[in-house]
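The values are calculated or read from the model by the stated rules, or taken from the named source; none is laboratory data. The structure displayed is predicted, hence computed values, not measured ones. Cβ placement follows ideal geometry from the backbone for every residue including glycine, while neighbour counts extend to all protein chains displayed.
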Amino acid sequence: MRNIKEDEKLNILNHSCAHLLAQAVKHLYPNAKFWVGPVIDSGFYYDIDLGDEVIKEEDLPKIEKEMKKISKDGKRIYREELSRVDALEKFKDDLYKIDLINNMDDNTVISCYTQGDFTDLCRGPHVDTVKVIKHFKLIKVSGAYWKNDAKNKMLQRIYGVCFETEEELTEHLNLLEEAKKRDHKKLGKELDLFMISEYGPGFPFFLNNGMILRNELENFWYSEHTKEGYEFIKTPIMLNKDLWELSGHWYNYRENMYTSEIDDKTFAVKPMNCPGGMLVYKNSLHSYKDLPLRVGELGLVHRHEASGALNGLFRVRTFTQDDAHIFMMEEQIEEEVIRLINFIDRIYSIFGLTYDIELSTRPEEKYIGDISIWDKSEKALEEACHKAGHDCKINPGDGAFYGPKLDFHIKDSLGRVWQCGTIQLDMNLPERFDLTYIDKNGEKKRPVMLHRVIYGSVERFIGILIEHYAGAFPLWLSPVQVNVIPVNNEYHLEYSNKIVSKLKENNIRVKLDSRDEKLGYKIRESVMKKNPYMLILGQKEVDENMISYRKRGTEETITLTLDEFIILLNDEMENKII
RNA sequence: GCCGAUUUAGUUUAGUGGUAAAACAGAUGCAUGGUAAGCAUCAGAGGACAGUUCAAUUCUGUCAUUCGGCACCA
């Protein structure tokens, strides 16, 4: 772990490296105009306008070479402070820098940094000389909208990393290589978990092994939610457009919805489960005594996500949300949200996942309900989060159109952050659907509701788990739990079959490898398929009526009776040992 | 959707303007083997559609897929 001071030092180095990159690009592409070049989690980038020219991945080594050359030349880096007038004059030919200067408030000290023939507007600080920027690598190049706005022109963004030593750089690059081996798309193929066909972009197919994983996750979900006092429903995939108009989806989510005509009426495939859940709530009368009412649904939703957004199981066009809607009285919000945060924490801990919580607030446009209700809801969520003992970062404007939310973020193998769990407070839909409960005095009252998911999408969560475990799932989730390998098919197959049936009787997912292959061959394959346990059964085991197992990740063989082995397996499964 | 890359057998990869190469996986046969790849034989492939060309998997274009970003988002 680095300390804060070291982090700061590395940030300065990376930021200076961004300037070095810009200088090199300017040498090679004299027409280049520069927007901003900030430091990010790992490394830095610079956004560049090259007019009609295009920088491709294959051009990066050429740019790196120029950077090395400039670094070797070893010019000092000078800071200069300017008045606004002088700054505007200095950068008068650079629309991007003028835009930056014009957007600075009056108190900002405008400064620029110069190294050799290159000057850039920059707050700093920087290293003293380009000489110390030596251990860097340009990672990738891509398009990026100016000011992060799709309405604007697309600039070219070059990403890079920089370290103080060559060893750290090599280590970082190796880490990236290692991460690629954990990619759920790669492992999903290797372990026969799922597939994606060209006939269904964004519509994944789950294979037998993936279904086992899925079913285990879903069973676990049902059992934990039952303990937490949930009841369960299943609502239809398609519902009449009128319902979506009532819920507001038709106006706020239209471009992501699939529709179809049925008997001259427009139906929409549900992109969310809530409107169906509302109808279920309205199906009966509710007493204050029944609140909070927790109604869960593993709901299959479809959303037309942009083609460029699709990514393995992380971003798909159809997925199952482990949804639930909780209806309650306003004074129950805090307790219920705290309870939920603890619930989510408990579930994630079982998988060994770490997460961050963010509070997403009211969108700037496209939202329903009064601002006062939004403010109240946002405050309620934030307080509950703090009372549950968690920090929460504010993510302004990222709320759902019907309410603010607490989002639970988990990182994938490449360090990219994905939203999984979310708790969304909604004081709007109950209004729109005219939901009521009967209070103590026999009067109709309006409940508030929470939308919440824990896995988020079962598909995404499986993707996260594949990368988290690098395909080596804990026993309870492993598609094949025990792989039985007879040493010799002629003499040990019968005994192996007996062991296999006994394991099956005990609900162990077991595979018998009775192929005519050498023992070493079968062991190798079992290791590669990441089976948690393999049993090697030969003359010794037959004679002693024992089993010998080898546990994943170890090379030692342990001999036990079958009963002892089953106890060991059951213990590992029940405790969900990772 | 935008920028860039990508697409060769089930998988991973090679190569080429003129018969497409290999490894693993598969089938068959031999080998009966105690902890990470036994041997042999066989079968199997250039995303789709156009164009250039005597000839295209190879060059060009369009579309599609996938990937890395951007935007959007669970």
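What to note about this one:
- Hits in segment A:185-224 (condition: more than 20 Å from A:ARG317 (Cβ to Cβ), outside any helix (DSSP H, G or I) and of a type outside the set (A, V, I, L, M)): A:ASP192
- Some residue of segment A:221-232 being within 16 Å of RNA strand B (Cβ to nearest atom) and at pLDDT 95 or above: yes
- Checking each residue in segment A:25-51 for being in contact with a Phe, Trp or Tyr (Cβ under 9 Å, 6 or more places away or on another chain) and in a helix (DSSP H, G or I) picks out A:VAL25, A:LYS26, A:HIS27.
- A:LEU100 being more than 42 Å from the chain's Cα centre (by Cα), in a helix (DSSP H, G or I) and either on the phi > 0 side of the Ramachandran plot or aliphatic (A, V, I, L, M) (or both): no
- Residue ID - nearest to A:VAL337 (Cα to Cα), chosen from residues in segment A:272-296 that are touching a residue at least 24 places away in the same chain (Cβ under 8 Å) and part of a loop (DSSP other than H, G, I, E, B): A:PRO292
- Test: residue in segment A:335-355 that is in a strand (DSSP E or B) and at pLDDT 95 or above: no
- Identity of the residue in segment A:63-79, in contact with a helix residue (DSSP H, G or I) (Cβ under 7 Å, 6 or more places away or on another chain) and of a type in the set (D, E, K, R), that ends up surrounded by the most Cβ atoms within 10 Å (Cβ to Cβ): A:GLU66
- Applying the condition of being in a helix (DSSP H, G or I) and either loosely packed, with under 13 Cβ neighbours inside 10 Å or at pLDDT below 95 (or both) to segment A:543-563 and asking which residue is nearest to the chain's Cα centre (by Cα) yields A:ASP563.
- Selection count where residues are among the hydroxyl-bearing types (Ser, Thr, Tyr) and in contact with a Phe, Trp or Tyr (Cβ under 8 Å, 6 or more places away or on another chain), scope segment A:207-228: 1
- Taking the listed residues A:GLU364, A:GLU336, A:GLU330, the one that is farther than 18 Å from A:TYR402 by Cα and more than 23 Å from the chain's Cα centre (by Cα) is A:GLU336, with no other qualifying.
- Residue within segment A:52-66 that is part of a helix (DSSP H, G or I), β-branched (Val, Ile, Thr) and more than 19 Å from A:ALA144 (Cβ to Cβ) present: no
- For segment A:48-58, residues that are surrounded by 12 or more Cβ atoms within 10 Å (Cβ to Cβ) and free of Cβ contacts under 8 Å to residues at least 24 places away in the same chain total 0.
- Count of segment A:477-492 residues, restricted to those that are within 13 Å of RNA strand B (Cβ to nearest atom) and surrounded by 16 or more Cβ atoms within 10 Å (Cβ to Cβ), is 6.
Conditions (1) among the acidic types (Asp, Glu); (2) farther than 30 Å from A:ALA384 by Cβ, marked per residue:
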| residue | (1), (2) |
| --- | --- |
| A:HIS451 | no, no |
| A:GLU459 | yes, no |
| A:LEU465 | no, no |
| A:VAL484 | no, yes |
| A:SER496 | no, yes |
| A:LYS504 | no, yes |
| A:ARG515 | no, yes |
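- Test: A:ALA144 is of a type outside the set (D, E, K, R), under 26 Å from the mean Cα position of the chain (by Cα) and part of a loop (DSSP other than H, G, I, E, B): no
- Where helices (runs of 4 or more DSSP H) fall entirely within segment A:365-472, those with at least 2 residues that are within 20 Å of A:PRO292 (Cα to Cα) and at pLDDT below 95 are at A:371-387, A:429-432.
- Evaluating A:LEU82 against the criteria (1) of a type outside the set (D, E, K, R); (2) surrounded by 13 or more Cβ atoms within 10 Å (Cβ to Cβ); (3) over 38 Å from the mean Cα position of the chain (by Cα); (4) closer than 22 Å to A:LEU155 by Cβ leaves one unmet condition, (4).
- Looking at A:LYS522, A:LYS576, just one residue is in contact with a Phe, Trp or Tyr (Cβ under 7 Å, 6 or more places away or on another chain) and surrounded by 14 or more Cβ atoms within 10 Å (Cβ to Cβ), and that residue is A:LYS576.
- Filtered by the rule that a residue be part of a loop (DSSP other than H, G, I, E, B) and more than 19 Å from A:LYS551 (Cβ to Cβ), segment A:483-526 gives A:ASN488, A:ASN507, A:SER514, A:ARG515, A:ASP516, A:GLU517, A:LYS518.
- Only residues that are under 22 Å from A:HIS302 (Cα atoms) and either touching a Pro at 6+ places or on another chain (Cβ under 9 Å) or basic (Lys, Arg) (or both) were counted across segment A:208-247, and they come to 12.
- Against the list (1) surrounded by fewer than 21 Cβ atoms within 10 Å (Cβ to Cβ); (2) touching a residue at least 40 places away in the same chain (Cβ under 8 Å); (3) of a type in the set (D, E, K, R), the condition A:GLU331 fails is (2).
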